[in-house]
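K.L.:
Okay, handing you the structure first.
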Amino acid sequence: MMSERPILKLDWCTHKAAKYACENWHYSESIPVGKLVKIGVWEDDKFIGVVIFGRGANRSLLSPYRLKQDEGCELVRIALKEHRNEVTKIVKIAIDLLKKLCNKLLLIISFADDGQGHIGSIYQGGNWIYTGYIKQKSKAIYKGKIAHRRTFDAAGIKGYESMDAHKKYRYLMPLTKEMRDKVIHLKKDYPKRPKQAMDTTSITAAGQYRPGRSINQMETINA
Amino acid sequence: MIDIKSIKLNPDNPRLIRDDKYKKLVQSIKDFPQMLEIRPIVVNSDMIILGGNMRLKACQEAGLKQILIIKADDLTEEQQKEFIIKDNVAFGEWDWDILANQWDELKLVEWGLDIENNNFDPGNEFEQGQLDELEPKIIICPHCNKEINLRDMNDV
């Protein structure tokens, strides 16, 4: 029988803690650059990860919605180790904290990376608006590390292999009723996970969690 | 087994030990003295330590009077130097997932393994970026030398 869930706490996070979480518990193994709002997650006072909002890598991220750079942001990382509370709940509380700090924001955008086997279960569970996907073409792999080709170029790394284009599912979370009314017409049916891709990680909705590191623990948790 | 007093610390030993680690080493010797028989201290022909300087100090503190040694008396001076370094180099790496899942974390710390503390405390809101504000884009007017914030001019 599953024991009682640990006490969940979300609070502001230091850069050091956020960096640790991203490098150890997120598939990108890196923390984004630029202005970030970093919200730490604790279960029974034990640090289990971070939810990070930022401006995103794409400068024209908000232009399709006729928003300026300071009116929206991107949910850029959900980096969690094994956890017992639902990610959807964690993200919801993180958004509440974000709104408290940046009360002029109107929209949050996030992407679920098909290349990592994610379809955005977390966002679907949180009633985000799915608006379609973009094809990401510029990723590459070098010595097992996946990054944008321009990242490798900037680091002077040669000999990386370009990866096949894969989808990034785009989800929107409007923060006001007006904004919701403005973007609701973009709504599409949620993408579904192919049957063969179902595994234990999907049960926890821990879509961002790096597979292979805690599947055994997750199975225990969900048993 | 030989008298502990007959062994000399190496004055050129390039290794240091932090106080907390040293205390753990002393405790480790007290808890598991057989380890010294399985992995004895190595000395040269002059009874100067090539491998185990910290262990000797810890043995003295733990109150041991006699210890087991291996005498490496056929090494050249160059080989002795090489040994000192190679004896302390760890070529392998820890598999932290296996350690985390199959070993007792408290025991690992007690045995002297450095486990990074990842139980961070919360930060504060002043460390966060204000995403609903843009940094001013200041330029100096070449004609009047006044500062102008480009953000104030349309949607820059």
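Any read-out appearing in this document is the output of simple, stated calculations on the displayed coordinates, not a laboratory observation. Nothing here was measured: the structure is a model prediction, and the numbers come from that model. Cβ sites come from the backbone with ideal geometry, for glycine too, and all protein chains shown count toward neighbours.
K.L.:
Which residues make up the longest stretch of chain A that has no GluC sites (Glu not before Pro) in a DSSP loop with at most 15 other Cβ atoms within 10 Å? Intermediate values should be presented prior to the final figure.
P.N.:
Details: sites that count: A:GLU4, A:GLU29.
In short, A:30-223.
K.L.:
Next up: Once the other residues with Cβ under 14 Å from the Cβ of A:GLY159 are scored (Lys, Arg +1; Asp, Glu -1), what is the net sum?
P.N.:
On the way: positive: A:LYS143, A:LYS145, A:ARG149, A:LYS158; negative: A:ASP153, A:GLU161.
Charge balance in the 14 Å sphere: +2.
K.L.:
Something else: Could you go through segment A:170-181 in sequence order and give the Karplus-derived ³J(HN,Hα) for each residue, using 6.51 cos²θ - 1.76 cosθ + 1.60 with θ = phi - 60°, rounded to whole Hz, and x for Gly and Pro?
P.N.:
Values, residue by residue: 9, 10, 10, 10, x, 9, 9, 5, 4, 5, 4, 4 Hz.
K.L.:
Suppose the chain between A:THR88 and A:GLU29 were pulled fully straight at 0.36 nm per residue; how much longer would it get relative to their current alpha carbon spacing? Before the final figure, lay out each step's value.
P.N.:
Values: separation 59, 0.36 × 59 = 21.24 nm, distance 2.18 nm.
Full-extension gain reported as 19.1 nm.
K.L.:
Taking 0.36 nm per intervening residue step and subtracting the Cα-Cα distance, what contour gain separates B:TYR22 from B:ASN119 on full extension? All intermediate terms of the calculation are to be shown ahead of the outcome.
P.N.:
Numbers: separation 97, 0.36 × 97 = 34.92 nm, distance 2.46 nm.
Between B:TYR22 and B:ASN119, full extension yields an extra 32.5 nm.
K.L.:
Then there's this: In whole percent, what relative contact order does segment B:1-116 give with Cα contacts below 8 Å and a gap of six or more residues?
P.N.:
That works out to 32 percent.
K.L.:
Please check: in the Gaussian network model of chain B (C-alpha springs, under 10 Å), which one of B:GLU78, B:GLU135, B:GLU37 has the largest mean-square fluctuation.
P.N.:
Highest fluctuation among the options: B:GLU135.
K.L.:
So, one more: Using the basic label-point model (7 angstrom from Cα toward the beta carbon), what is the A:HIS185 to B:LEU108 distance in nanometres?
P.N.:
Result for the modelled spin labels: 5.6 nm.
K.L.:
Mark the label point 7 Å from the Cα of A:ASP11 along Cα→Cβ and return the residues of segment B:108-141 whose backbone N is within less than 12 Å of it.
P.N.:
Counting backbone N atoms under 12 Å from the label point, the list is B:120-125.
K.L.:
At 7 Å along Cα-to-Cβ for each site, give me the label-to-label distance between A:SER138 and A:SER60 in nm.
P.N.:
1.2
K.L.:
Helix B:53-62 sits at what angle to the longest principal axis of chain B, using alpha carbons and giving 0 to 90 degrees rounded to 10?
P.N.:
For helix B:53-62, the angle is close to 70 degrees.
K.L.:
Under 16 Å Cα-Cα from A:LYS19, which lysines qualify once same-chain neighbours fewer than 8 residues away are excluded?
P.N.:
Result set, ordered by chain and number: A:LYS35, A:LYS38, A:LYS81.
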